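The values are calculated or read from the model by the stated rules, or taken from the named source; none is laboratory data. Everything numeric in this text was worked out from a predicted model, so none of it was measured. Reconstructed Cβ throughout: ideal geometry from the backbone, glycine too, with neighbour counts over all protein chains shown. Surface accessibility is based on the protein's heavy atoms, side chains included, excluding ligands, DNA and RNA. Shrake-Rupley method; radii C 1.70, N 1.55, O 1.52, S 1.80 Å.
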Amino acid sequence: MKRGNEVSVGEYMKRYRKQIEEAFGDEAVVLRWKEIVGPVLFPHVRLETIDVENMEVRIDHPAYRNAFMMRQKLITDRIHELFPRYEIKNVMIHLS
């Protein structure tokens with residue numbers, strides 16, 4: 001039950017998403033990873049590291065590696081769209 005000025009965590013995050021993402025820095029990409037790679041790849045592709053030009057991912061099956069590679073440009077473009085400071089030029093894929 002809300003009282004007075006109380007807001008849910010979800011409402012707070014929606015309201016202040018940009019500020020939260022800036023405060024989290026690189027971790028903000030992790031927070032939106034499912035949105036970035038999509039619901040099919042999300043359970044199989046884990047973001048390991050990311051910086052302005054480089055990204056490492058770990059993928060659990062060769063079939064999902066192929067799917068990721070086919071969508072790689074779309075994924076890196078989406079990251080840049082959401083987080084303009086990132087211009088991913090190098091993607092390292094680890095298969096586990």
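Any idea how many residues of the stretch 8-21 are among the charged types (D, E, K, R), loosely packed, with under 15 Cβ neighbours inside 10 Å and modelled with pLDDT under 70? Spell out how you get there, then give the answer.
So the first thing to find is which residues in the stretch 8-21 are among the charged types (D, E, K, R), and the list is 11, 14-15, 17-18, 21.
Imposing the further condition that a residue be loosely packed, with under 15 Cβ neighbours inside 10 Å reduces the set to 11, 14-15, 17-18.
The next check asks that each one be modelled with pLDDT under 70; those that pass are 17-18.
Selection size over the stretch 8-21: 2.
To keep it simple, each residue is scored yes or no on (1) touching a Lys or Arg at 6+ places or on another chain (Cβ under 6 Å); (2) among the aliphatic types (A, V, I, L, M); (3) modelled with pLDDT under 95.
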{"residue": "Glu6", "(1), (2), (3)": "no, no, yes"}
{"residue": "Ala23", "(1), (2), (3)": "no, yes, yes"}
{"residue": "Ala28", "(1), (2), (3)": "no, yes, yes"}
{"residue": "Gly38", "(1), (2), (3)": "no, no, no"}
{"residue": "Lys73", "(1), (2), (3)": "no, no, no"}
{"residue": "Arg85", "(1), (2), (3)": "no, no, yes"}
{"residue": "Lys89", "(1), (2), (3)": "no, no, no"}
### Task
Can you tell me which residue within the stretch 34-48, out of those that are open to solvent by 10 Å² or more (accessible area, probe 1.4 Å) and within 11 Å of the chain's Cα centre (by Cα), is nearest to Leu82 (Cα to Cα)?
Glu35
### Task
Answer yes if at least one residue in the stretch 45-62 is more than 25 Å from Ser96 (Cβ to Cβ) and at pLDDT below 95, and no otherwise.
yes
### Query
Quick check: is even one residue across the stretch 76-83 more than 13 Å from the chain's Cα centre (by Cα), at pLDDT below 95 and within 21 Å of Glu27 (Cβ to Cβ)?
no
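Conditions tested, residue by residue: (1) free of Cβ contacts under 8 Å to residues at least 24 places away in the same chain; (2) closer than 27 Å to Gln19 by Cα; (3) part of a strand (DSSP E or B).
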residue	(1), (2), (3)
Arg58	no, no, yes
Ala63	yes, no, no
Asn66	yes, no, no
Arg71	no, no, no
Arg78	no, yes, no
Arg85	no, yes, no
Ile88	no, yes, no
His94	no, no, yes
